[in-house]
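Please treat every number below as a calculation from the coordinates, not as lab data. Computed from a prediction, not measured in an experiment: that's the story for all the values here. With ideal geometry, Cβ positions are generated from the backbone for all residues, glycine too; neighbour counts draw on all protein chains shown.
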Amino acid sequence: MEQIEFLDKKVFKGLEKLNDGFEGESVPFFSESDFEIVLERAEYFGIGIYGIEPWLDGELYDVITHENLKKKATDPQWYKKAFQTFKSRQPGLLYSATYKVSPKLLARDI
């Protein structure tokens, strides 16, 4: 299974992608409530998140990466903290992220 297929079937399943063309169709964007579910599922599967990019009115609002917080990409502490920071600073953001699904997880038939 390829990474994007895994993400679509296991992580993004049942969630509404809010792409409107400002970053292309290959990068899925989610509402705050749906992105919270994405993060919960990423933690469950042990998926790495390299960076979180919130967007406001079609413009990049900010970026926080695991390196900014000196944590491993698979450590849910960093992305939960980053998400809470964005939520408290600006309501109504759309969220995208850069993910890494391990080859071991892709090889499993979940």
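Kindly provide the Kirkwood hydrodynamic radius of segment 3-103 in Å, to one decimal, from all pairs of distinct alpha carbon atoms.
13.5 Å
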>> Under a crude label model (7 Å from the Cα following the beta-carbon direction), how far is Lys104 from Lys70 in nanometres?
In response: 2.7 nm
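May I ask you to compute the full-extension gain from Thr85 to Asp62, defined as 0.36 nm times their residue separation minus their alpha-carbon distance, rounded to one decimal in nm?
Extra length available between Thr85 and Asp62 comes to 7.2 nm.
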>> Using Cα-Cα distances under 8 Å and only pairs 6 or more residues apart, what relative contact order does the chain have, in percent?
In response: 33 percent
> For Glu32 and Leu18 in one chain, what is 0.36 nm times their gap in residues minus the Cα-Cα distance, to one decimal in nm?
Replying inline: 3.9 nm
